[in-house]
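Asker: I am attaching a structure below and will ask some questions about it afterwards.
The values are calculated or read from the model by the stated rules, or taken from the named source; none is laboratory data. Values in this document were obtained by computation on a predicted structure and should not be read as measured data. Cβ coordinates were reconstructed from backbone atoms using ideal geometry, including for glycine residues, and neighbour counts include every protein chain displayed. Accessible surface is based on the protein model in full, side chains and every heavy atom, while ligands, DNA and RNA are left aside. Shrake-Rupley method; radii C 1.70, N 1.55, O 1.52, S 1.80 Å.
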Amino acid sequence: DSDESDEEDEEEDEEDDDGDQNDETSRGLFQRAIAAVGAHYALGQRPWRMYRAFERQLWSRAKRRKLPQNEVFLCAGRVFKTYRDQLTVPLKGNERALESMRRFVAASDIEQLQAQAAELNDLHGQALKLRLQCEAHEVALATTASALLTPEGPAASERKERRKTHEDAWLSYISWLQTTGNVPLILCVLERGVAVCRHTGSKLWLNYCTFAAQQLRDSPLALRISKRGLRNCPWEVDLHLVHIRALERTGSDPKTIDEAKEAALRSPLCGGPEAYRDVLLAFCD
C-alpha cells in the first residue's frame, strides 16, 4: 500500500497573498472530499492530510501577517479539528496523525488545545479498537479478491463461486458494521463494495439502497443510489421497489413514478409472476 510511506506534512507553506478570496470555496471542496472518501480504511488519510495542509497554511499566514490573536487561535482551532475528526474515524495508520497532532499542539502553545488533545486520546483509543476489527474484514476482502486474479484461469463455475465468496466477504463486513451504527463508515464500505461487484453484487446493491433509504430518507442521494443499482442489476425486483419509493419520497411527479413502474414491468425480473405483482403493489402503495 503506497499510503504506508506517506508522512504528515508539518511544514508551513509559503505565503499565498491571493488565497483569501478562495479560502471558503477550497474548504468546502475539501470537506466534500472527506465526506466522500474520508472514511476509507486504507485511503481515507489522504484527503484528511490535504485538508489539514490547507488549514495549516492559513494558520501560518495568520501568524506571518500578525493578525489579532483571536484570529490566529481560530485558525489553529481549525487545524486541530481536522486532527480530532480524523482520529475518531478507524483509519489505517492513524497513529502517525496522532503523533503529528501532539507536535502541532505543542508548537501552537495554546492551553485550550492542549486540554482538548488530552481528551482526544480516549476517543482515538475507541477508534483504534474499531479499526482493528475492521482490519480482519479488510484482510478477508483482500484474500477473496486475490483469488479472482489467479493466473491459471479457473473454470466458469469456479469463477462464479469465487465471485460469490468475494461478495459474501463484503456482506459479512457490512453486516458487522451495521451493528456499530457508524453511518458514514457503513456508507463508505457499501460504496466500495458495489464499485468492486457492480454487475454481480445484487445483494450488495439492495443492501446499499435499503440502508440509504432508511438513513437518508428523502435525500436526493438515496434516489441516485437506487438509480445506479437499477442500471447495474435491472433483474432485481426489490431494487425497482426501493427506487419507486425513493421517487415518491423525493417528490417526483406521478408521470415519473409511472414511467419507473413501466420500466420495471418491461425488465427481465427474477422471481416469476410474483415479481411483477410486487411492482404493481408497490406502485399502488
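Asker: Can you compute the FRET efficiency between E135 and R198 using 1/(1 + (r/R0)^6), with r the Cβ-Cβ distance and R0 = 30 Å? Round to the nearest 0.05. Don't skip to the end; give the middle numbers.
Answerer: Values: r = 25 Å, r/R0 = 0.84.
The pair E135/R198 has a calculated efficiency of 0.75.
Asker: Using a Förster distance of 51 angstrom, determine the FRET efficiency expected from the C-beta separation of E95 and L281, and round it to 0.05. Walk me through the numbers before you get to the answer.
Answerer: Working: r = 53 Å, r/R0 = 1.04.
In this case the efficiency is close to 0.45.
Asker: In nm, to one decimal, how far is the A106 label point from the E71 one, both placed 7 Å along Cα→Cβ?
Answerer: My value for the distance between the label points is 3.0 nm.
Asker: Tell me the carbon and sulfur percent of the accessible area for region 199-260, rounded to whole percent, probe radius 1.4 Å. If you can, show how the numbers build up before the last one.
Answerer: Working: 1540 of 3070 Å².
Reported share for carbon and sulfur atoms: 50 percent.
Asker: Using a 1.4 Å probe on the protein heavy atoms, what percent of the accessible area of region 21-61 belongs to carbon and sulfur? Don't skip to the answer; put the middle values down first.
Answerer: Details: 1090 of 1880 Å².
Answer for region 21-61 is 58 percent, counting heavy atoms of protein chains only.
Asker: Then there is this: Please give the contour-minus-distance gain from L128 to T256: 0.36 nm per residue of separation, less the Cα-Cα distance, rounded to one decimal in nm.
Answerer: On the way: separation 128, 0.36 × 128 = 46.08 nm, distance 4.62 nm.
Full extension of this stretch gives 41.5 nm more.
Asker: Exceeding 25 Å between C-alpha atoms, which entries from my cross-link table qualify? They are K92/K203; K81/K129; K203/K227; K63/K92; K203/K261.
Answerer: Numbers: K92/K203 27 Å; K81/K129 21 Å; K203/K227 15 Å; K63/K92 32 Å; K203/K261 21 Å.
The answer is K92/K203; K63/K92.
Asker: Over region 76-169, what percent of the accessible surface lies on carbon and sulfur atoms, probe 1.4 Å? Each step should come with its number before you reach the end.
Answerer: Numbers: 2780 of 5110 Å².
Result for region 76-169: 54 percent of the exposed heavy-atom area is carbon or sulfur.
Asker: Label points 7 Å out from Cα along the Cβ direction at K160 and N121: separation in nm?
Answerer: Placing both labels 7 Å along Cα→Cβ, they lie 5.7 nm apart.
Asker: To continue, here is another question. If I model a spin label as a point 7 Å beyond the Cα along the Cα-Cβ vector, how far apart are those points for A33 and D85 in nm?
Answerer: For the pair A33/D85, the computed spacing is 1.3 nm.
Asker: Same structure again: How much area per residue is accessible in the chain when the probe is 1.4 Å and only protein heavy atoms are counted (Å²)?
Answerer: Numbers: 15440 Å² over 285 residues.
With the other protein chains kept in place, the chain gives 54 Å² per residue.
Asker: Let me ask something additional. Just check region 138-275 against the gyration tensor rule for me: Cα atoms, a ≥ b ≥ c as the square roots of the eigenvalues, rounded for a/c under 1.5, and otherwise prolate or oblate depending on whether a/b exceeds b/c.
Answerer: Numbers: a/c = 2.84, a/b = 1.45, b/c = 1.95.
It is oblate, given that a/c is not under 1.5 and a/b is not larger than b/c.
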